Amino acid sequence: MNSQDHKNEISRRRFLQNSAKLAAAGIYINLFGMPQLFGNTLMDNDVVAEITNVKLNNGIKMPMLGFGTYGLKGDVCQQSVADALSVGYRLIDTAKVYGNEEAVGKGIKQSGVNRKDLFVTSKLWVDDAGYENAKKGFEETLSKLGLEYLDLYLIHRPRGDVKGSWKAMEELYKAGKIRAIGISNFDSYQLADLLSYAQVKPAVNQIETHAYYQQGSAYKVLKKHNIQMEAWAPFAEGRNGLFTNEIFSQIAKKHGKTVAQVNLRWHYQRGIVAIPRSSQKAHIVENLNIFDFKLDQEDMSKIEKLDLNKTQFPEWS
């Protein structure tokens with residue numbers, strides 16, 4: 001980690017530490033003020049948020065805001081998933097390569113939320129590419145999660161035998177083992193190649209997109225093909241000083257919100273599904289509290305100008 005990265009990480013850590021204190025004091029007030037969003041219960045461990053759904057191209061509904069689990073492991077992951085579900089999240093995102101599918105499954109079970117009310121996503125890793133391997137990889141994922149079906153299954157990266165993987169996933173979809181199939185980290189050319197032979201169009205493309213990499217071209221292509229865009233790093237993991245950015249700080253102050261909430265609201269207003277991650281319950285609740293304000297055109301224009309039009313994760317390219 002270079003000195004600038006270290007400085008950004010310290011800024012992000014300070015932001016999270018300070019916002020935890022603010023969230024503890026502020027969430028309770030917001031809950032009183034927005035009963036139509038959170039129901040009649042006011043304690044944060046019983047909050048139920050009304051998250052808007054988007055209808056995918058095969059007709060099923062997907063929550064616009066979910067809970068990501070990248071980097072969460074073991075008991076921390078299990079409890080974080082249970083906490084997220086307890087406060088109203090219904091979309092849970094995991095992947096084989098995260099190494100936490102068992103913990104996610106335990107968190108789901110711990111929550112006691114009815115399976116039919118959940119939207120669970122996992123992803124096929126590169127090592128399982130190909131027709132036979134993809135089917136085996138899917139069954140292993142299902143077993144680790146302790147589930148009978150997945151709501152969404154994605155090819156994690158466009159590597160290896162994508163065509164064979166997609167054929168296997170189409171068969172699993174048609175057999176009712178997966179409610180929707182999609183892709184992750186596919187660019188427009190890779191998407192076009194897949195569409196040239198796919199019998200089932202991808203329902204989702206989960207990619208890197210955030211204020212610093214707004215993916216304008218991909219946004220238009222996915223809109224054209226009616227494929228839902230989903231952000232796997234809605235905060236850019238705090239890189240490039242996102243949590244201390246002056247523009248975001250000004251917009252947050254204007255609306256009485258945090259920088260994290262402004263970012264998530266920005267994704268929401270663009271029609272992009274976002275899956276923020278946290279192991280701290282105060283932040284899990286904070287990230288959910290984005291439906292009681294709206295960014296105006298001035299706000300949206302200022303954020304649009306922050307676009308650097310390049311990845312903030314060059315090591316993953």
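Read-outs throughout are calculated quantities, based only on the coordinates presented, and are distinct from any laboratory measurement. Just so you know, these numbers come straight off a predicted model, no measurement behind them. Methodologically, a virtual Cβ is constructed for each residue, glycine included, from the backbone with ideal geometry; neighbour enumeration extends over all protein chains shown.
Quick check: from the Cα gyration tensor, does segment 79-231 come out rounded (a/c under 1.5), prolate or oblate?
On the way: a/c = 1.91, a/b = 1.30, b/c = 1.46.
The shape class here is oblate.
Quick one: work out the % antiparallel among DSSP beta bridges in segment 117-245, nearest 5.
Working: 1 of 15 bridges.
The antiparallel fraction comes to roughly 5 percent.
If you take the alpha carbon radius of gyration of segment 136-217 and divide it by 2.2 N^0.38 Å, what ratio comes out, to two decimals? Write down the numbers at each step before the final one.
On the way: Rg = 13.5 Å, N = 82, 2.2 N^0.38 = 11.7 Å.
The value comes to 1.15.
Once you order the gyration tensor axes a ≥ b ≥ c over the Cα atoms, which shape class does segment 234-317 get: rounded for a/c under 1.5, otherwise prolate or oblate by comparing a/b with b/c?
Working: a/c = 1.56, a/b = 1.11, b/c = 1.40.
Here segment 234-317 falls in the oblate category.
Counting only Cα, what are the radius of gyration and maximum Cα-Cα distance Dmax of segment 182-271, in Å?
Looking at segment 182-271, its Cα Rg and Dmax stand at 15.2, 49 Å.
Excluding residues fewer than 8 places away in the same chain, name every one of the lysines whose C-alpha is closer than 24 Å to that of K310.
Counting by Cα, and skipping residues close in sequence, K310 has these lysines nearby: K7, K220, K223, K224, K302.
Taking the highest mean first, how do the peptides 218-224, 127-133, 168-174 order by number of other beta carbon atoms within 10 angstrom per residue?
Numbers: 218-224: 15.6, 127-133: 17.3, 168-174: 18.9.
With the highest mean Cβ count within 10 Å placed first, the list reads 168-174, 127-133, 218-224.
Under a point spin-label approximation (7 Å from Cα along Cα-to-Cβ), what is the K224-K109 distance to one decimal in nm?
In this crude label model, K224 to K109 measures out at 4.7 nm.
Cβ under 9 Å from S184's Cβ, S184 left aside: what net charge do those residues give with Lys, Arg +1 and Asp, Glu -1? Don't skip to the answer; put the middle values down first.
Working: positive: K123, R157; negative: E230.
Local charge sum for S184: +1.
Applying a 10 Å radius around every beta-carbon, put 118-124, 241-247 in order of their mean neighbour count, most first.
Working: 118-124: 25.0, 241-247: 17.9.
Ranked from most to least packed, the peptides come out as 118-124, 241-247.
Give me the percent relative contact order of segment 108-153, please, defined on Cα pairs under 8 angstrom at least 6 residues apart.
Numbers: 25 pairs, mean separation 22.4, N = 46.
Relative contact order for segment 108-153 comes out at 49 percent.
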